[in-house]
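Engineer: Sharing a structure below in structure tokens format, with a few things to ask.
The values are calculated or read from the model by the stated rules, or taken from the named source; none is laboratory data. This one's a predicted model, so the numbers in the text were calculated from it and none came from an experiment. Cβ placement follows ideal geometry from the backbone for every residue including glycine, while neighbour counts extend to all protein chains displayed.
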Ligand code: GDP
Ligand code: MG
């Protein structure tokens with residue numbers, strides 16, 4: 001999707017005058033791209049009509065930047081499609097809320113339940129997980145494992161086969177224990193089946209959730225609309241979480257789910273790990289959908305804070321996508337010098353790790369300085385390798401730890417941070433990066 005959309009906009013940028021034909025060609029190309037991404041056909045049709053209404057070429061005075069206006073209109077329309085105008089129910093800390101997760105098998109419910117609990121726990125909430133999936137063998141074990149890892153209280157049953165009983169018992173128990181976020185994980189089926197929807201209806205009736213979250217796999221495409229609609233008919237869906245959004249950005253399904261449930265997307269799953277979870281934000285998501293990232297803002301920041309003589313090299317590396325420990329070191333240095341690394345990288349979709357989020361405060365700064373001390377104990381070979389995993393063995397790690405007066409555990413943490421940043425960095429690979437003044441705003 002991203003490729004064709006950005007191509008459509010680029011073609012428009014290349015046309016010297018924007019007339020009715022250029023507008024139509026551009027819109028048709030965008031619509032084709034959206035269709036290919038399995039966005040619901042009616043949604044696309046409406047978007048096209050709306051854009052044509054907004055971009056009334058005849059009424060635009062000469063001298064207006066028409067291309068910019070069209071570009072902005074496409075961007076705004078997609079944003080509007082994702083913005084329901086009414087926020088979803090938001091649980092309140094210290095007050096008991098029951099949140100029920102629904103979705104087909106494999107959509108990522110169990111994983112996302114834990115991520116959601118963990119996300120709140122980190123902020124001081126008291127979450128708890130209830131496994132009401134008595135359908136799939138091993139479901140309780142999976143939830144147990146996840147919950148244990150995150151140290152979140154959980155309950156479920158190996159014996160009881162009635163999901164409603166298990167759910168009610170769990171919710172009651174955690175209410176007594178004063179948990180403020182009781183999360184009910186439910187079972188799925190491979191397909192949309194009457195039995196599943198009946199089970200969801202009964203579960204909702206019995207546990208009276210404050211919020212039902214529909215979880216969908218970003219790759220289900222065209223099926224998203226009917227799937228979301230079907231769940232919304234049996235239980236009233238209040239929010240959507242889209243999983244597996246890392247890698248290729250396929251946004252079509254999210255648009256459909258929002259339209260079908262009239263509920264907003266609240267989080268994105270960006271990997272299998274507990275902390276690969278992001279608060280959903282419409283504009284960066286649409287930018288990414290359009291294949292732009294938030295590159296204009298990003299580039300402005302790069303120009304502001306990266307010393308001029310380092311800029312061409314950094315841009316080159318960004319487009320190559322190879323992230324070495326030395327790059328990490330240099331970026332840490334920039335961060336400490338300028339104090340706004342966090343601001344820069346938070347503009348890249350997916351680039352908000354815990355470290356970056358903390359980068360502003362003293363704790364983050366200390367961590368970064370410690371990492372830099374470790375890297376000072378590394379050889380040039382180690383700093384410049386594009387595959388540290390292969391090169392840096394146990395004895396090298398021991399040496400680095402000794403050399404920097406740190407624990408092996410700390411060095412491992414540093415590599416973990418590197419791994420995370422490298423993963424994000426690799427998303428930049430092949431992106432066309434505009435030079436200063438380049439016209440890529442949306
Ligand atoms: P459920 O059947 O709906 O409970 O789905 P699970 O939570 O068991 O997830 C199914 C698979 O998808 C598991 O292998 C998860 O690790 C994986 N998964 C879930 N969310 C994500 C995500 O955001 N990214 C990736 N890459 N995998 C995910
Ligand atoms: Mg599950």
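Engineer: Do we have residue 196 as touching a strand residue (DSSP E or B) at 6+ places or on another chain (Cβ under 8 Å) and buried (at least 18 other Cβ atoms within 10 Å of the Cβ) here? Spell out the reasoning first.
Structural biologist: Values: touching a strand residue (DSSP E or B) at 6+ places or on another chain (Cβ under 8 Å): no; buried (at least 18 other Cβ atoms within 10 Å of the Cβ): yes.
For residue 196, the condition - touching a strand residue (DSSP E or B) at 6+ places or on another chain (Cβ under 8 Å) and buried (at least 18 other Cβ atoms within 10 Å of the Cβ) - is not met.
Engineer: Please find, among 130, 102, 98, the residue that is more than 13 Å from ligand 2 (Cβ to nearest atom) and at pLDDT 95 or above. Even if it seems obvious, please write down each step before you answer.
Structural biologist: Details: 130 fails: more than 13 Å from ligand 2 (Cβ to nearest atom); 102 fails: more than 13 Å from ligand 2 (Cβ to nearest atom).
Testing whether each residue is more than 13 Å from ligand 2 (Cβ to nearest atom) and at pLDDT 95 or above leaves just 98.
Engineer: Scan the range 222-236 residue by residue and report those that are surrounded by fewer than 24 Cβ atoms within 10 Å (Cβ to Cβ) and within 16 Å of ligand 1 (Cβ to nearest atom).
Structural biologist: Taking the range 222-236 and keeping what is surrounded by fewer than 24 Cβ atoms within 10 Å (Cβ to Cβ), we get 222-223, 226-227, 229-230, 232-236.
Residues satisfying the conditions are 223, 227, 230, 235.
Engineer: Please go through the range 107-145 and give me each residue that is near ligand 1 (Cβ under 8 Å from one of its atoms) and surrounded by fewer than 16 Cβ atoms within 10 Å (Cβ to Cβ), ordered by number.
Structural biologist: Result: 136, single match.
Engineer: Could you please give the count of residues in the range 199-221 that are within 25 Å of residue 181 (Cα to Cα) and either buried (at least 20 other Cβ atoms within 10 Å of the Cβ) or touching a strand residue (DSSP E or B) at 6+ places or on another chain (Cβ under 7 Å) (or both)? Before the answer, list the steps.
Structural biologist: Just the residues of the range 199-221 that are within 25 Å of residue 181 (Cα to Cα), to begin with: 199-217.
After this cut, where a residue has to be either buried (at least 20 other Cβ atoms within 10 Å of the Cβ) or touching a strand residue (DSSP E or B) at 6+ places or on another chain (Cβ under 7 Å) (or both) as well, the list is 199-200, 203-204, 207-217.
Summing the residues that are within 25 Å of residue 181 (Cα to Cα) and either buried (at least 20 other Cβ atoms within 10 Å of the Cβ) or touching a strand residue (DSSP E or B) at 6+ places or on another chain (Cβ under 7 Å) (or both) in the range 199-221 gives 15.
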